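The values are calculated or read from the model by the stated rules, or taken from the named source; none is laboratory data. Computed from a predicted structure; not experimentally measured. Here the Cβ is made from the backbone with ideal geometry for all residues, glycine too, and neighbour counts use every protein chain on show. For the accessible areas, the whole protein counts, side chains as well, though only heavy atoms, and no ligand, DNA or RNA atoms are used. Shrake-Rupley method; radii C 1.70, N 1.55, O 1.52, S 1.80 Å.
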2 protein chains.
Amino acid sequence: MNKGNKYGTHRVLEPKGTLPQPAQKLDNNMSIFDNEVLIDVQTLNIDSASFTQIKGACGADKVKMEEMILSIVAERGKMQNPVTGSGGMLIGTVKAVGPNFPNQDLKVGDKIATLVSLSLTPLNIKKVTNINLSNDQVDVDAQAILFASGLYAVLPTDLPEKLALAALDVAGAPAQVDRLVKEGNTVCIIGGGGKSGVLCCYQAMQKVGAKGKVIVVEYSKENAQRIKDLGLATDVLVGDATDVMDVYARVTEITGEEGCDVVINNVNVASTEMSSILITKDRGCVYFFSMATSFSKAALGAEGVGKDVDMIVGNGYAIGHADLTLDIIRKSKGIRELFEKLYV
Amino acid sequence: MNKGNKYGTHRVLEPKGTLPQPAQKLDNNMSIFDNEVLIDVQTLNIDSASFTQIKGACGADKVKMEEMILSIVAERGKMQNPVTGSGGMLIGTVKAVGPNFPNQDLKVGDKIATLVSLSLTPLNIKKVTNINLSNDQVDVDAQAILFASGLYAVLPTDLPEKLALAALDVAGAPAQVDRLVKEGNTVCIIGGGGKSGVLCCYQAMQKVGAKGKVIVVEYSKENAQRIKDLGLATDVLVGDATDVMDVYARVTEITGEEGCDVVINNVNVASTEMSSILITKDRGCVYFFSMATSFSKAALGAEGVGKDVDMIVGNGYAIGHADLTLDIIRKSKGIRELFEKLYV
Ligand SMILES: NC(=O)c1ccc[n+]([C@@H]2O[C@H](COP(=O)([O-])OP(=O)(O)OC[C@H]3O[C@@H](n4cnc5c(N)ncnc54)[C@H](OP(=O)(O)O)[C@@H]3O)[C@@H](O)[C@H]2O)c1
Ligand SMILES: NC(=O)c1ccc[n+]([C@@H]2O[C@H](COP(=O)([O-])OP(=O)(O)OC[C@H]3O[C@@H](n4cnc5c(N)ncnc54)[C@H](OP(=O)(O)O)[C@@H]3O)[C@@H](O)[C@H]2O)c1
């Protein structure tokens, strides 16, 4: 059995010397190296920015979307959207564990979710069996590889699998909210009515306490309404986050000119950097979880308006993020019901 | 006189509702609004990532570069590189101050540097008079507009103008180093031999003190050598920051497996995110000042290798950044001599 590199560099076909995530093409041959895990994949959870792009490009035609997904994987050896650069996650059953995979407690037959992006996971799809247009999930007959450094979670037995998959996909976001938001803060969550948004709202409400504020800006009336119904924010604004001056006017009406301590950006569309920056107070913090964020628009945009704010790139991983996220679902009956309706 | 918006939205031609930085096209008519400043521009300092791209695309042919610069400004009304999205800065003389510009101490005839990016500054070039291939500076006969929210610095009289221009262009970087680096830290500065790199090295050396480490990874042998000569780092590695596993191996040879507390990325080329992330310790921090940073490569790359690191978008502005940066030049004879040689 061949010896593999901890980070999976042995699977990189081009360009040489790089890691699997930035690589153009991975080797998706399914004979495992000594430190890899082979997974029989059941469902892909395509990243929202990627799924939205594919759906748009194919006019929501499932046959075309299937073709597009298959051709991306054929070309790259992984499900990485060439436009957004993003991936998603998967659930499946462990088929083989290499003798040098670090955690030998993982057993053949275990049901797991990968916590590393599909944008770096070698994947081989035999067949797409279903595409769910409303929740970004794609059922497949496929196999995938997890590297020695690859994070995963054994699926909990008290929650439906597809619910866990949906929640774990965005587990990094509420974990960062937990770190960034302090008691008494004013927080704004842009795209707060979506999947990651709902989880962030819950965590923000916990952290700000009775004197804090959690403001949601959400495009979809329906998504905004469910935030109100679930009591997950102190203020809910229905609006378009790309309309900078409108968002600025309406949020500062609530916060005063000073703005917010922390802004969390959870949208799945481009050009919302400036709305996020303008409503943040000086020395406040913007957390960009959205994969549609442009680095240069954020960096130069903040400078352009003379805003001394800390802008954080949404790392998908934070220690303990899976447990924190699944616990939100366990604690909030409302969110569990909502997610069961949407994702199961 | 027409009333202008604080952020310059009145100059946005398309798309409507957005701010000048993300806008496709600005109105670069040089009659000012009530709260604007008109500047007679002397020299543009094109952002390094942008200049490198233009120089590459034109095979370093000055005539072609001039054409490309003029055509970008003709199309966008601002000098924003369509590939990198970035701009740069300018120096010039105040020609007119609108009656409602916030700081009425600014006088016609004052020499200033703008501290907001060219990527949001209405610009009208009559003539390019010189392109300096080695220092990114372009002398022009041109006019530009500063908005009410636009930052600027009156040029100091004790430093040559072009030196101040060069240093102020990257003033955000050493200011953030000052905030992020603590006594005793191990810091790595990638692209540490360049303009912003030198300033970051100086500030990092000040902050880490006798027990800390400042490691430089620099591609150019010459740039690496001057860091050694100036004593601006404890360790200098000549290497290619896009070669992830090489950088990882050589930096961790110095730091041990644990890695660095703070990594500062100052390169002007793409695909160095993973090198930066892999050498950072868990719960450490990566500061991406490089405009060639890809948001998705950073976000998904860190997750992909299970690294719980804070990744910060290099905001070009921080309170006090201009003074801090000019003071470095005043305090370090070596850096002043180097910058005089390169930029004056
Ligand atoms: N950093 C990471 O590691 C990581 C990991 C996973 C996901 N992500 C990213 O996180 C983001 C959110 O993911 P998600 O799964 O929570 O997506 P989601 O459920 O689709 O949520 C996005 C929300 O934003 C709303 N929205 C869309 N356009 C808007 C606009 N112009 N103004 C205000 N709200 C708007 C959407 O409303 P509609 O329903 O009306 O469109 C939706 O409610 C995506 O960009 C995704 O790619 C990042
Ligand atoms: N965030 C902001 O607001 C802001 C503002 C201004 C500038 N910037 C950005 O900051 C970055 C640095 O600007 P600068 O003016 O300091 O540029 P610079 O003087 O050109 O410095 C870049 C340095 O990186 C080195 N380098 C290039 N490729 C490398 C590689 N593969 N491995 C290691 N080192 C490499 C260069 O060496 P060579 O000389 O051999 O190429 C040079 O020494 C640029 O990306 C610029 O766009 C950001």
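Here is how the number arises for chain A: DSSP H runs of 4 or more residues each give -39500 (n - 2.57), the sum is divided by the residue count, and the result at 222 nm is -10000 deg cm²/dmol.
For the stretch A:171-343, the residue among A:Val187, A:Ser275, A:His321 whose Cα projects farthest onto the positive side of the dipole built from Cβ charges is A:His321.
Distances from A:Gly256 to itself in the other copies, using label points 7 Å out along the Cα-Cβ axis, amount to 4.8 nm in increasing order. Going from the chain on its own to the full set of protein chains, the stretch B:222-259 has these residues losing 20 Å² or more of accessible surface (heavy atoms, 1.4 Å probe, no ligands, DNA or RNA): B:Val244, B:Met245, B:Tyr248. For the chain pair A and B, the interface hides roughly 4600 square angstrom of accessible area in total, found with a 1.4 Å probe.
The other copies place their B:Lys331 label points at 4.5 nm from this one, listed shortest first, where each point is 7 Å from Cα along Cα→Cβ.
For the stretch A:286-291, the Karplus equation 6.51 cos²θ - 1.76 cosθ + 1.60, evaluated at θ = phi - 60°, returns couplings of 10, 9, 8, 8, 4, 7 Hz by residue, with Gly and Pro reported as x. Shielding by partners for peptide A:12-23, expressed as the average number of C-beta atoms from other protein chains within 10 Å of each residue's C-beta, is 5. Calculated accessible area for the stretch A:9-159 comes out at 37 Å² per residue, all protein chains present (probe 1.4 Å; ligands, DNA, RNA ignored).
Comparing mean-square fluctuations of B:Thr84, B:Thr325, B:Thr114 from a GNM of chain B with C-alpha springs under 10 Å, the top value falls on B:Thr84. Proximity of backbone amide H atoms, modeled 1.01 Å from N, is registered between A:Leu237 and A:Val216, A:Val217, A:Glu218 at under 5 Å, excluding neighbours fewer than 5 places apart on the same chain. At 10 °C and a viscosity of 1.306 mPa s, what translational diffusion coefficient does Stokes-Einstein give for chain B, taking Rh as the Kirkwood radius over Cα pairs? Give it in µm²/s as a whole number. In µm²/s, the coefficient is 77.
What a 1.4 Å probe finds exposed on the protein assembly as shown is 48% carbon and sulfur by accessible area, rounded to a whole percent. Over the C-alpha atoms of the protein assembly as shown, the Rg to Rh ratio, Rh being the Kirkwood estimate, stands at 0.97.
Label points for A:Glu75 are taken 7 Å from Cα along Cα→Cβ. From this copy to the others they lie 2.3 nm apart, shortest first. Heavy atoms of the protein chains alone define the surface here; on that basis the stretch B:184-233 has 38 Å² accessible area per residue at 1.4 Å probe size. Computing Rg and the Kirkwood Rh from the Cα coordinates of the stretch A:143-283 gives a ratio, Rg/Rh, of 1.02.
Note on A:Val108/A:Asn29: beta-carbon distance plugged into 1/(1 + (r/R0)^6) with R0 of 25 Å gives a FRET efficiency of 0.80.
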